[in-house]
Amino acid sequence: MLLKTSLFLITLLGVVSGRSLVTTNLDLLQTPPLNNEPIIGVLSQEISYYLDGKYPGLYESYIAASYVKFVEGGGARVVPIWIGKPRDYYESIMSKLNGVLLPGGATWFNQSNGYADAGRHIYGIALEMNERGDYFPVWGTCLGFELLTYLAADGNEHRAHCSSSNQALPLVFKDDFKTSRMFMNAPETVVKILENEPVTANFHQYCVTEKNLTDYNLDKEWRVMSTNSDWNDFEFISTIEHRFYPFYGVQFHPEKNLYEWVRNKNISHTSHAIFVSQYFAEFFVNEARKSLHHFEDSKTEDQYVIYNFPPTFTGSKGSSFEQSYMFPVEIAYNVELNEDNSAINGITSLVGDFIEF
Ligand SMILES: *[C@@H]1O[C@H](CO)[C@@H](O)[C@H](O)[C@H]1NC(C)=O
Ligand SMILES: *[C@@H]1O[C@H](CO)[C@@H](O)[C@H](O)[C@H]1NC(C)=O
Ligand SMILES: *[C@@H]1O[C@H](CO)[C@@H](O)[C@H](O)[C@H]1NC(C)=O
């Protein structure tokens, strides 16, 4: 479909400009094809203690809507990825998606069939894809960043306890940060703001230090672009990327600047904070444009996208997330169609359940 569209465009350009079609063709064919309709998976996680208290027993897993909006605001669509599924499920869904975002949160890595187990499948599959030349980006925010290094460390607890809750910080860049993919093409204004203004929102009690990377033999695969210090001057890594594959981690929360308004928290909403947060969203989505995976057709896409689920205004219940997507126990996620294209065991009936709640 992509190829058809570009050939059509080439023809159109050729006709309009009157230039030689052959030259135009060659020029365009030399640029790598980009997917300008990227779809990114956002991993769900165990329902939070807080949300479960507010909606007792109703939901098994959730995604804070700010992560969904972060991806959407960067120019992509979102498909929720469930926890607690066998590896086949993650293989199948990732073969249709153009990247995965591992959100932050407050779950443990040791819960069986939870966030960390799903992450293990996703990380392993993403490694295999990239190893065979199938470009597939993974982005981790906060706990998602820690999950990336945890999985890279073979599930060893490599983190340090630290205290960086409610901290708004500028980044302390490494000398060579501009040779990283994450910052190579960052506009100078973005770099200047990140370097000088307290725009990154930190909410974490675990940190990954440079010593943890070397101790667990991760520094050969991962490079550090910036560090920060917590309330007790304990230094931690704030941005990281894989040396060979398009895997990225940020310890802070760019999606909070853009989409979270919980009061009395250190989340900057200055125009500069928004500008740099948006940079990270667009960077990740641009990485996803390099993946050409796709669903069979738009009907199938429609069954998977997050638009099938209504977000709930959880901020009004005191949650730190303004809106959350909460998913019931035993979700029946549609993968098959009846002859009339209605879902077998699918979302269609599930949406009905939501309306009744
Ligand atoms: C997981 O780890 C946490 C922190 O170490 C601990 O409190 C909890 O009991 C553990 N849970 C399980 C299921 O092992
Ligand atoms: C990680 O490194 C910090 C010091 O940088 C250390 O205090 C902590 O114990 C380390 N964590 C592990 C699990 O080795
Ligand atoms: C917000 O973070 C800054 C920088 O870390 C700090 O100086 C300030 O006290 C924090 N404000 C709150 C309300 O915690």
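Here are the numbers:
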item: Hits in region 191-211 - residues which are over 20 Å from the mean Cα position of the chain (by Cα) and either more than 16 Å from ligand 3 (Cβ to nearest atom) or not assigned by TED's automatic domain parsing to the domain that holds P103 (or both); result: V191, K192, T209, E210, K211
item: Number of the condition not met by I237 [criteria: (1) within 19 Å of the chain's Cα centre (by Cα); (2) in contact (Cβ under 8 Å) with a residue 40 or more places away in the chain; (3) outside any helix (DSSP H, G or I)]; result: (2)
item: Single match in R181, R243, R223 (criterion: away from ligand 2 (no atom under 16 Å from the Cβ) and touching a residue at least 60 places away in the same chain (Cβ under 8 Å)); result: R181
item: Helices (runs of 4 or more DSSP H) wholly inside region 105-214 that include at least 2 residues being aliphatic (A, V, I, L, M) and farther than 17 Å from F244 by Cβ; result: 115-131, 143-152, 188-196
item: Set I81, I93: member being surrounded by fewer than 24 Cβ atoms within 10 Å (Cβ to Cβ) and touching a Gly at 6+ places or on another chain (Cβ under 8 Å); result: I93
item: Test: residue in region 167-177 that is within 16 Å of ligand 1 (Cβ to nearest atom) and surrounded by fewer than 24 Cβ atoms within 10 Å (Cβ to Cβ); result: no
item: Where N266 falls short, out of the listed (1) crowded, with 21+ Cβ neighbours inside 10 Å; (2) touching a strand residue (DSSP E or B) at 6+ places or on another chain (Cβ under 7 Å); result: (1)
item: Boolean, S271 is away from ligand 2 (no atom under 16 Å from the Cβ), without any contact (Cβ under 8 Å) to a residue 12 or more places away in the chain and at negative phi; result: yes
item: Residue list for region 104-117, restricted to those being at negative phi and either surrounded by fewer than 18 Cβ atoms within 10 Å (Cβ to Cβ) or within 16 Å of ligand 1 (Cβ to nearest atom) (or both); result: A106, T107, W108, F109, N110, Q111, S112, G114, Y115, A116, D117
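The values are calculated or read from the model by the stated rules, or taken from the named source; none is laboratory data. Because the structure is predicted, anything quoted here is derived from the model rather than measured. Because the Cβ atoms are built from the backbone with ideal geometry, glycine has one as well, and the counts that use them run over all protein chains shown.
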